[in-house]
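Participant: Below you'll find the structure I mean.
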Amino acid sequence: MNIDLCKIIDLPKIQDPRGNLTFVESGNQIPFDIQRVYYLYDVPGGSERGGHAHKDLHQLIIAMSGSFDVVLDDGKEKKRVHLSRSYNGLYVCPMIWRELDNFSSGSVCMVLASNKYDESDYYRDYAEFMRARWQV
């Protein structure tokens with residue numbers, strides 16, 4: 001997989017004076033079925049999250065509140081994406097190393113994932129990821 005497959009997806013935004021609504025439907029706005037949802041919150045200033053890649057997992061990363069950056073790395077190229085709108089999601093395909101940083105105070109990061117948690121799907125060591133990346 002290549003970093004160019006990772007992209008911002010504009011989610012539907014229904015505007016209403018009482019408050020806006022955004023929704024995500026499996027296989028409609030995103031190119032996978034949602035099997036798991038998790039979120040990061042109360043991230044201390046200066047902390048980083050992520051620092052791994054997935055062998056098969058697809059994800060959509062959304063800044064539900066506040067903002068943060070996602071650094072994507074396919075082994076050849078790196079790209080930093082700033083997320084700050086709850087109606088934008090960053091699609092991350094398998095075999096992309098990702099790190100999250102620059103969290104604003106009170107930020108909430110929600111992740112929609114294509115599979116349930118499976119530790120064997122992770123590359124947590126960058127050197128191991130790079131070896132596997134160039135065998136693909």
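Participant: So in the range 53-90, with the set limited to residues that are among the polar types (S, T, N, Q) and closer than 19 Å to residue 4 by Cβ, which one is farthest from the chain's Cα centre (by Cα)?
Facilitator: Going through the qualifying residues, I end up with 88.
Participant: Answer yes or no as to whether residue 38 is among the aromatic types (Phe, Trp, Tyr), under 15 Å from residue 7 (Cβ atoms), part of a strand (DSSP E or B) and in contact with a strand residue (DSSP E or B) (Cβ under 7 Å, 6 or more places away or on another chain).
Facilitator: no
Participant: Answer with yes or no whether residue 110 is on the phi > 0 side of the Ramachandran plot and in contact (Cβ under 8 Å) with a residue 60 or more places away in the chain.
Facilitator: no
Participant: So, one more: Across the range 12-43, what is the total count of residues that are more than 16 Å from residue 113 (Cα to Cα) and either among the hydrophobic types (A, V, I, L, M, F, W, C) or in contact (Cβ under 8 Å) with a residue 24 or more places away in the chain (or both)?
Facilitator: Residues that pass the stated criteria total 8.
Participant: Return the total of residues in the range 110-136 being aromatic (Phe, Trp, Tyr), assigned to a loop (DSSP other than H, G, I, E, B) and at pLDDT 95 or above.
Facilitator: Just the residues of the range 110-136 that are aromatic (Phe, Trp, Tyr), to begin with: 117, 122-123, 126, 129, 134.
Subset that is assigned to a loop (DSSP other than H, G, I, E, B): 117, 134.
Keeping just the survivors that are at pLDDT 95 or above gives 117.
Residues meeting the conditions: 1.
Participant: Follow-up question, since we're still on this one. So how many residues does the range 107-136 have that are among the aromatic types (Phe, Trp, Tyr) and within 16 Å of the chain's Cα centre (by Cα)? Write out each step before concluding.
Facilitator: Just the residues of the range 107-136 that are among the aromatic types (Phe, Trp, Tyr), to begin with: 117, 122-123, 126, 129, 134.
Retained after the next criterion (residues that are within 16 Å of the chain's Cα centre (by Cα)): 117, 122-123.
So the answer is 3.
Participant: Residue by residue through the range 1-27, note down the ones that are surrounded by 12 or more Cβ atoms within 10 Å (Cβ to Cβ), outside any strand (DSSP E or B) and of a type in the set (Lys, Arg).
Facilitator: Selection gives nothing.
One line per residue, one yes/no per condition, for (1) closer than 29 Å to residue 131 by Cα; (2) aromatic (Phe, Trp, Tyr); (3) at pLDDT below 95:
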{"site": "1", "(1), (2), (3)": "yes, no, yes"}
{"site": "4", "(1), (2), (3)": "yes, no, yes"}
{"site": "43", "(1), (2), (3)": "no, no, yes"}
{"site": "59", "(1), (2), (3)": "yes, no, no"}
{"site": "81", "(1), (2), (3)": "yes, no, no"}
{"site": "105", "(1), (2), (3)": "no, no, yes"}
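The values are calculated or read from the model by the stated rules, or taken from the named source; none is laboratory data. Remember, predicted model here, so these are calculated numbers, not experimental data. Backbone-built Cβ (ideal geometry, glycine too); neighbour counts: all protein chains shown.
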